[in-house]
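The values are calculated or read from the model by the stated rules, or taken from the named source; none is laboratory data. In this text, all values refer to a predicted model and were calculated from it rather than measured experimentally. Note that each Cβ is placed from the backbone with ideal geometry, even for glycine, and that neighbours are counted across all protein chains shown. Remember, those area values only see protein heavy atoms, side chains included, never the ligands or the DNA or RNA. Shrake-Rupley method; radii C 1.70, N 1.55, O 1.52, S 1.80 Å.
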Amino acid sequence: MNKRQFSITALLNQLSLNSVETFQQQVLKLAIPENYFERETRREPLFEKIADRVYAFRYGFNRALILDTGAGLAIVDSFNRNLCEALQKELNYYFPQISVEWLFYSHYHLDHVRGGKVLSPHNVFAHEKCLSYWKDLNSPDVLMPTQTICGDQILQLGQLEVHLLDLGLSHSDTLYAFYLSQQRVLYAPDAGFVNAVPPFGFPDFYHPGYIRALNRLIELDFDEFVPSHLDRGSKEDLINFRDFMVEVRNRSETALAERNYTATSGKIIKDIFDEVYPALKEKYGHWHGFDSMAFPLFLRQVGGVYLGH
């Protein structure tokens, strides 16, 4: 038994692990972050006023939009049953005897659309493409829409004018942002984060379309930027997030171009990471989730450059 084998054996014994395979499994588990979502789940639920007749409800990692239209309530995104049950209690307290007239789904992704039955909305709106996705996914906890829409919409909901902006193929091809021009509020589910790296490497997005969508939103005149996840902020925060996503992509593409767009070598990908990571760490290392989610995002962007998405 050589010295290296003895060292591994001693370490396995010290950690009460019975094999190198078990040791490797434990090392891999260390890469799974336990401080990204947990920060949010430790926070108390928060019902807050954003602007006149515009409210938000943060519950764990998620944030729904609530509009007091004067002709009933409008909710954007139900997320899940637990959030809806907690939200219904808040609505009973702040808006007694006022029913939920409209429920809007921002896009088809299941983490945004479950549990809506709890709110008993009279009308449910979703992009017309959502139906085929939900059929494929066999989603019994999604309250089906009473009306489907596509393209941009301007709806007069009681006393509020709400612009529904169809963001095209970006983060799915069913994504809507919700803009209240008079209140200067933008609710943009999954279209931006405030000083945070998105989770899981942001696996479901088409980069060129996503940046087009962000640029379109940035051109709007608003003060309050209300994301569907993590902290809320300002227009400047959305600009900073756009710049971050562009920088990660550009640095990845430049590094791949120098290697003739070869991404089928583990060593090459490691070399690209060593080249890209330091500048991003220096500039964005203070953002929430940078240490836990920067590497998945890097892999997603390198893969996107290589594959064309």
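Observations on the model:
- Count - residues of segment 137-179 that are aliphatic (A, V, I, L, M), part of a loop (DSSP other than H, G, I, E, B), open to solvent by less than 60 Å² (accessible area, probe 1.4 Å) and closer than 20 Å to Pro121 by Cα: 1
- Selection status of Ser132, modelled with pLDDT of 95 or more, surrounded by 15 or more Cβ atoms within 10 Å (Cβ to Cβ), farther than 22 Å from Glu48 by Cα and among the small types (Gly, Ala, Ser): no
- Ala126 meets each of the listed conditions (1) at positive phi; (2) buried (at least 19 other Cβ atoms within 10 Å of the Cβ) apart from (1).
- Of residues in segment 23-59 being at pLDDT 95 or above, of a type outside the set (D, E, K, R) and in contact with a helix residue (DSSP H, G or I) (Cβ under 9 Å, 6 or more places away or on another chain), the one least open to solvent (accessible area, probe 1.4 Å): Phe57
- Considering residues of segment 60-99 that are in a helix (DSSP H, G or I) and among the acidic types (Asp, Glu) only, the residue least open to solvent (accessible area, probe 1.4 Å): Glu90
- Of the residues making up segment 109-131, those that are part of a loop (DSSP other than H, G, I, E, B), within 22 Å of Ala86 (Cα to Cα) and either over 19 Å from the mean Cα position of the chain (by Cα) or among the polar types (S, T, N, Q) (or both) are Ser120, Pro121, His122.
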